[in-house]
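One structure below.
The values are calculated or read from the model by the stated rules, or taken from the named source; none is laboratory data. All values reported here derive from a predicted model rather than from experimental measurement. When we count neighbours, we look across all protein chains shown, and the Cβ atoms used for this are built from the backbone with ideal geometry, even at glycine.
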Amino acid sequence: MAKSKPKNVAAPLVKSKPRERRMILLPDQGAALKIAPESLGLAPRDKSWNNYLDSFIRANGDYLKALDIDLQFSAGVDTVNLSLKANGIVGAVPLRAPDTHKTIGGIIVQPRYGWGSVGSLFSAIGWSASPELLSYPLVPGSAQEVPPWIIGGPVVNYLEKLLKKSLPNFREVEEVRTSPRGRIDWQAYVTKQLAQGRPHMLPCKFSDLEPDIQLRRYIRWTLEKVAAELTPCLAGDGTARDLFDRIMHVLSSLIGIRPQVPDRRTLDQMQRNMARGGSDELGFTAIRWVLDERGLAGSTDLDGLSWRIVMHDLFEKWVEHLARQWARDFGGRVTCARKFDSLAPISWERAAHNSLSSLVPDIVVEGSDETFIFDAKYKGFLEETDDWHWHESLEAQSRFREEHRHDLHQVLAYASMYQTERITSVLVYPVRAQTWRRLAERGRDLTLGHLDGPGRQIRLAIAAVPIDAMGNEGAFGEAGAVGLGSPLIAGMTVGANLAASWRRLREA
């Protein structure tokens with residue numbers, strides 16, 4: 001009896017072992033975090049950084065510098081300990097192994113006031129600012145640690161700019177026609193059309209006013225993809241809702257355009273044809289990010305892009321936004337450091353002393369006979385003290401007193417630049433909305449003082465401003481103004497109290 005041939009049996013599926021990703025999470029301006037070598041997969045006998053410290057710095061020094069993370073060392077009897085401390089830049093960068101220099105995870109600095117506060121500020125200033133994307137490798141697993149609008153916001157910004165470039169414009173068109181138009185490519189006519197027995201078909205090159213329909217299809221597909229990534233977060237994330245609404249507004253201008261998955265070769269050709277650099281390059285890059293699914297979804301286990309937010313700059317833009325709303329009531333002229341229109345150069349007699357070449361106040365509001373200088377300080381200065389009696393605590397705690405004295409000296413130096421009859425220097429610090437409401441109820445969200453000088457008096461003020469959750473009606477209760485978060489009724493109280501507090505700055 002012949003033996004039957006064995007049947008082909010499928011080999012059992014072997015599940016690949018998931019990558020082990022090591023993530024270091026640091027609080028923004030928080031306490032230093034001690035890092036054990038074992039947490040990075042190292043196994044030194046003495047359980048210290050004695051043999052790996054130099055290689056850790058070489059592998060990750062640039063990444064730590066990008067997020068302004070300090071390395072702190074402490075020595076034991078025979079050991080060296082390592083701690084990391086974040087100083088005001090929120091973001092994500094790769095983490096490399098000290099021994100192999102391979103990417104094994106990431107370092108993420110989380111905002112001290114929560115992701116909602118950062119999103120609220122972006123919404124409040126109309127997304128005129130967005131996270132800065134860094135040209136570093138992908139951060140393994142970081143997409144599940146940050147909200148989707150961190151990358152989605154810049155993507156929408158870049159696509160809006162690219163969409164403006166794709167509006168009707170004169171472009172060179174190559175087309176085979178039966179009637180001549182523009183310039184006839186005679187070489188192509190002889191070698192192709194005439195050789196193939198089509199003497200009536202003329203290859204023409206001409207300029208025509210037309211939109212780039214193909215690019216707009218790619219943009220629509222990308223925007224719909226980002227909107228889909230935001231959808232699971234809409235119920236509990238006000239910033240995601242704000243960005244989603246913005247995407248819907250942009251999509252309304254693309255009605256009739258069919259979305260199409262981008263083809264990489266066509267996308268590359270489009271980019272070469274436009275060849276304008278700058279925002280165009282970033283727009284095409286943003287399409288590729290979404291095409292590659294690079295960390296847009298906060299609920300998935302994806303590698304994300306490297307990015308950062310300088311929180312002082314973001315807070316300064318928020319204070320500028322408040323100052324501009326406030327200045328509209330009396331026609332104040334607003335200048336700011338961001339645009340360098342508040343810069344005052346310093347002329348030194350000797351170049352060797354040119355360590356400081358200019359003074360640049362953050363925000364200046366000038367009226368007819370009065371000047372207000374706002375210096376935004378992204379510090380937990382008021383939040384860390386007793387928020388019921390924070391101004392008394394300044395006298396009780398030497399650390400805060402010294403820091404406060406430095407801030408006052410800086411803002412007083414700015415006051416020397418102006419000659420108006422009244423000058424008011426305002427130090428502005430962030431607090432949580434809950435803390436701000438308690439201060440406002442007792443009239444302590446703004447504290448005034450004065451300094452008598454030769455021939456004039458300089459008024460001083462310390463102002464607390466909420467960095468999270470304000471109503472949709474606007475920071476000063478104005479209809480249609482850009483505000484923060486929700487709910488509306490609570491926001492109206494915040495807006496009214498904030499407006500009343502800042503009106504005191506102009507009282508005699």
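Brief remarks follow.
- Apart from one condition, L314 fits all of (1) closer than 30 Å to T103 by Cβ; (2) in contact with a helix residue (DSSP H, G or I) (Cβ under 6 Å, 6 or more places away or on another chain); (3) crowded, with 17+ Cβ neighbours inside 10 Å; (4) at pLDDT below 90; the exception is (4).
- Scanning segment 205-234 for residues that are buried (at least 19 other Cβ atoms within 10 Å of the Cβ) and either among the hydroxyl-bearing types (S, T, Y) or in contact with a Lys or Arg (Cβ under 6 Å, 6 or more places away or on another chain) (or both) yields Y218, T222.
- The lone exception for A143 - which of (1) touching a residue at least 24 places away in the same chain (Cβ under 8 Å); (2) more than 20 Å from G304 (Cα to Cα) it fails: (2)
- Contact map, segment 79-94: first residue in the same structural domain as G106 (by TED's automatic domain parsing), second residue assigned to a strand (DSSP E or B) and among the acidic types (D, E), Cβ cut-off under 9 Å, separation 6 or more or different chains; pairs are S83/D70; L84/D70; K85/D70; A86/D70; N87/D70; G91/E132.
- Restricting K205, K161 to those that are part of a helix (DSSP H, G or I) and among the basic types (K, R) reduces the list to K161.
- Whichever residue in segment 98-107 is at negative phi and in contact with a helix residue (DSSP H, G or I) (Cβ under 6 Å, 6 or more places away or on another chain) and, among such residues, is surrounded by the fewest Cβ atoms within 10 Å (Cβ to Cβ): P98
- Filter result for L282 (modelled with pLDDT of 90 or more and either outside any loop (DSSP other than H, G, I, E, B) or touching a Phe, Trp or Tyr at 6+ places or on another chain (Cβ under 7 Å) (or both)): no
- Among the residues of segment 149-182, just one is aliphatic (A, V, I, L, M), exposed (fewer than 15 other Cβ atoms within 10 Å of the Cβ) and touching a residue at least 40 places away in the same chain (Cβ under 8 Å), namely L167.
- Selected residue [farther than 30 Å from A286 by Cα, surrounded by 15 or more Cβ atoms within 10 Å (Cβ to Cβ) and not β-branched (V, I, T)] from D237, D185: D185
- Taking first residues from segment 240-258 that are free of Cβ contacts under 8 Å to residues at least 40 places away in the same chain and partners that are of a type in the set (A, V, I, L, M, F, W, C), the Cβ contacts under 7 Å between residues at least 6 apart in sequence or on separate chains come to R241/L234; F244/A227; F244/L230; F244/L234; L251/L223.
- Apart from one condition, R258 fits all of (1) exposed (fewer than 15 other Cβ atoms within 10 Å of the Cβ); (2) within 29 Å of G141 (Cα to Cα); (3) of a type in the set (D, E, K, R); (4) modelled with pLDDT of 85 or more; the exception is (2).
- Single condition W127 does not satisfy, out of (1) within 19 Å of A228 (Cα to Cα); (2) in contact with a Lys or Arg (Cβ under 9 Å, 6 or more places away or on another chain): (1)
- Flag if A66 is farther than 20 Å from V139 by Cα, within 24 Å of the chain's Cα centre (by Cα) and at pLDDT 90 or above: no
- Some residue of segment 360-378 being in contact with a Pro (Cβ under 7 Å, 6 or more places away or on another chain), of a type outside the set (F, W, Y) and at pLDDT below 90: no
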